[in-house]
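These notes are about the structure you will find just below.
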Amino acid sequence: MKVRTLTRRLFASLFVLIAALAITPTAAQAAETTTIYRLYNSSTGEHHYTHDANEYATLGRIGWVQEGCAWIAPTQSQSPVYRLYNPNSGDHHYTMDANERDALVRIGWTYENIGWYSDEAKTVKVYRLFNPNEVIGTHHYTTSLNEYNTLGNIGWRKEDVAWYAVQLPPTTPSNGSQSQGGSGASAPFQPSTPQECVVYWTPGGTKWHSTKDCPALGRSHTILSGTVQQAQAAGKDAPCKDCH
Ligand SMILES: [Zn+2]
């Protein structure tokens, strides 16, 4: 009897919680997010970006270098980033500018729909760089101000902010990197991507998951976490279909 009352009470408070979440759309952190993966083609020098974990896995199998998570994007927003493809060079281009999109289509580019969305909270900048010396893979995107400046110093043209990524609340970092404050040692800006790009897996599983809350992980006692590369090194060579 007592247990039943407790259970009922638990369900009641759970219901209140869910209702509260439902009527609080401004809770930005509750917004759904998706991981944008980055790949590198060493024969063309092109970087490729995709939210499609299966495309990421497939390209990795045919020789692209999987560079892990590039940034976290909202699954939906009022600010789409358009993806275009140049059938002559095989190059992809991404832009939030509808005029640029249309101009590229007029000169032969294929519009490949919305690639991902920009975050309206505008907390994490994704920088765009242009390499004037390359024909293919001329644009590069990064959340790292350090990488942005480094490439700028070796001849890339800095093109400022392309769009915005989502800032997730930090998950428990595996090795506490709390070296804030102290003397004015000018440590380069570190993007918060490592913590945001964590994936999850279990010792016995065959897949890796983008969220700890994936229903497929619900029965697991041991949930390991790390980068996509670490997951793959542990033998999890494909993303979970439920949470990707
Ligand atoms: Zn999953």
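A few comments on the model shown:
- Reachable aspartates and glutamates, given that their alpha-carbon falls under 20 Å from the alpha-carbon of K241 and they are not under 8 places away in the same chain: E32, D52, E55, E196, D213
- Gyration tensor verdict on the range 33-165 (Cα atoms; rounded if a/c is under 1.5, prolate if a/b is larger than b/c, oblate otherwise): rounded
Only the coordinates and a few stated rules stand behind these numbers; no lab work does. Being a predicted model, the structure only gives us computed values, none of them experimental.
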